[in-house]
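For reference, the structure discussed in these notes is given below.
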Amino acid sequence: MDAVHQQTQGPQIREVFEAAIPEILQIADKELGNGYLSESDLTNPSGITYFSTEANVVTGFAFNRTVGTKEFLAVHPKLAERLNEARYETESFGLLSAVVVKDYYQGKGIGTALTRKSLQWLEATGAPYALMTAWKGVSGIHIAKVARRTGFSGQFEVQEYWAEDSIHKGYRCPDCGDPPCHCSAAVYIHHFLR
């Protein structure tokens, strides 16, 4: 049995390693859009990716990083104004870029476990808060219950958040199809107690 598919009871959360990346990218392509994430995203040195396995199957992943506020907002102008209005003007913060669980395994606590593990890592980096942009597709916000369960509060919504990014990267949204993506982002914030 290989290292990715170890026999265990319940979901096991581990830090990503090379052998797990192809399965994680398959999940990302199906759930987030073909080409949304790349191997270099998952192995970015400013972040960490966790993945879950259950009964020898990769069931989900969480992609996290710390980001400089000015640099992040320069690349995401739709968030800049709203975050400045909300007074989130810090040098850096934690970002949960994606928490994804395969359809069949949703509702079993895997997304919550991945999010909690991610928050532990982000808090340990010294980030004052964590931000999560949640995809709001035709069927709603899939991660909303997990966000509330793990201490996030909903802040605001950004219309057509992924439109420019989907054109630039050329990924195909599961709801909208070919670029541009017209889905909104629900933005959640989790404050770390210091």
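The values are calculated or read from the model by the stated rules, or taken from the named source; none is laboratory data. Given the structure is predicted, the values throughout are model-derived calculations rather than measurements. Counting neighbours? That spans all protein chains shown, and the Cβs are built from the backbone with ideal geometry, glycine included. Remember, those area values only see protein heavy atoms, side chains included, never the ligands or the DNA or RNA. Shrake-Rupley method; radii C 1.70, N 1.55, O 1.52, S 1.80 Å.
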* Structure fact -> When the chain is treated as a Gaussian network with springs between alpha carbons less than 10 Å apart, the largest mean-square fluctuation among ALA19, ALA134, ALA62 is found at ALA19
* Asked: Based on Cβ point charges of +1 for Lys and Arg and -1 for Asp and Glu, what charge dipole magnitude is obtained for the chain about its Cα centre, in debye rounded to the nearest 20?
  -> 680
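Accessible area per residue of region 59-194 at 1.4 Å probe, in Å²? It would help to have the intermediate numbers written out before the result.
On the way: 6850 Å² over 136 residues.
Value returned for region 59-194: 50 Å² of accessible area per residue.
Please quote Rg/Rh for the chain to two decimal places, taking the Kirkwood radius as Rh and restricting both calculations to Cα atoms. Display every interim value, and only then the final one.
Values: Rg = 16.0 Å, Rh = 17.0 Å.
Result for the chain is an Rg/Rh of 0.94.
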* To do: Using the 4.7 Å Cβ rule, please list in number order the cysteines from the chain without any candidate partner.
  => CYS183
* Structure fact -> When the chain is treated as a Gaussian network with springs between alpha carbons less than 10 Å apart, the largest mean-square fluctuation among LEU95, LEU114, LEU73 is found at LEU73
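Below 13 angstrom from the Cβ of THR150, what's the summed charge of the other residues (Lys, Arg +1; Asp, Glu -1)?
Values: positive: ARG116, LYS117, LYS145, ARG148, ARG149; negative: GLU123.
Within the 13 Å Cβ shell, the charges total +4.
Whenever you get a sec, compute what percent of the accessible area on the chain sits on carbon and sulfur atoms (1.4 Å probe). Mind dumping the intermediate values first?
On the way: 4800 of 9830 Å².
Ligands and nucleic acids excluded, carbon and sulfur give 49 percent.
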* **Options LEU37, PHE72, LEU83, ranked by Cα towards positive dipole end of the chain, top entry (Cβ charges)** => LEU83
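Would you please classify the overall shape of region 8-68 from the alpha carbon gyration tensor, given that a ≥ b ≥ c denote the square roots of the eigenvalues, rounded means a/c under 1.5, and beyond that prolate means a/b larger than b/c while oblate covers the rest? Intermediate values should be presented prior to the final figure.
Details: a/c = 2.08, a/b = 1.35, b/c = 1.54.
Oblate is the answer for region 8-68, as a/c is 1.5 or above yet b/c matches or exceeds a/b.
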* To do: Note the angle between two axes, namely the Cα long axis of helix 110-124 and the longest principal axis of the Cα atoms of the chain, as a number of degrees from 0 to 90, rounded to the nearest 10.
  => 60
* Sequence neighbours fewer than 8 away in the same chain don't count; with that in mind, list the lysines whose C-alpha is under 29 Å from LYS30. => LYS78, LYS102, LYS108, LYS117, LYS136, LYS145, LYS169
* How big is the Rg/Rh ratio for region 101-143, C-alpha atoms only, Rh by Kirkwood, two decimals? -> 1.04
